[in-house]
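Below is one structure; the comments refer to it alone.
The values are calculated or read from the model by the stated rules, or taken from the named source; none is laboratory data. Because the structure is predicted, anything quoted here is derived from the model rather than measured. Here the Cβ positions follow ideal geometry from the backbone for every residue, glycine too, while neighbour counts run over all protein chains shown.
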Amino acid sequence: MRVFFVDRQGRLLRDAVVSEGDGQSVTLPIATIVRQALAVRAAGILVVHNHPSGALAPSSGDRIATRALRRRADAAGIALIEHLIVARTGCSGILAASLAAS
């Protein structure tokens, strides 16, 4: 899992691999992400992970973890720009998909 930390103008401040999966799952280290964002004074974060299965749809765990990260980031004054899933056939955004569904 990679996170891109950006300033208010969208300029990249830092990117970091924050977690590595086992081919079946990956842990979203929420506290680590928020702590790193605060350390570089990021205004926003973009989270990216892959689905080796090729499925573009977020799992229920992806959606739950994204909501939890968004709450923690919002509380710290950091925008969660998107949580992207990358697969063989393309990529999809968890936040964009939830907005389209509502």
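In table form, for the structure just shown:
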| quantity | calculated |
| --- | --- |
| Segment 67-83, residues that are surrounded by 13 or more Cβ atoms within 10 Å (Cβ to Cβ) and either part of a helix (DSSP H, G or I) or modelled with pLDDT under 95 (or both) | Arg67, Leu69, Arg70, Arg72, Ala73 |
| Residue within segment 53-65 that is in contact with a Leu (Cβ under 6 Å, 6 or more places away or on another chain) and either surrounded by 18 or more Cβ atoms within 10 Å (Cβ to Cβ) or not aliphatic (A, V, I, L, M) (or both) present | yes |
| Residue selected from segment 1-30 under the condition at pLDDT 80 or above, more than 15 Å from Leu80 (Cβ to Cβ) and touching a Ser or Thr at 6+ places or on another chain (Cβ under 6 Å), by the criterion surrounded by the fewest Cβ atoms within 10 Å (Cβ to Cβ) | Thr27 |
| Single unsatisfied condition, Asp22 versus (1) within 14 Å of the chain's Cα centre (by Cα); (2) outside any strand (DSSP E or B); (3) without any contact (Cβ under 8 Å) to a residue 24 or more places away in the chain | (1) |
| Subset of segment 31-49 [under 11 Å from the mean Cα position of the chain (by Cα) and surrounded by fewer than 18 Cβ atoms within 10 Å (Cβ to Cβ)] | Val48 |
| Residues being of a type in the set (A, V, I, L, M) and part of a loop (DSSP other than H, G, I, E, B) - total across segment 34-66 | 6 |
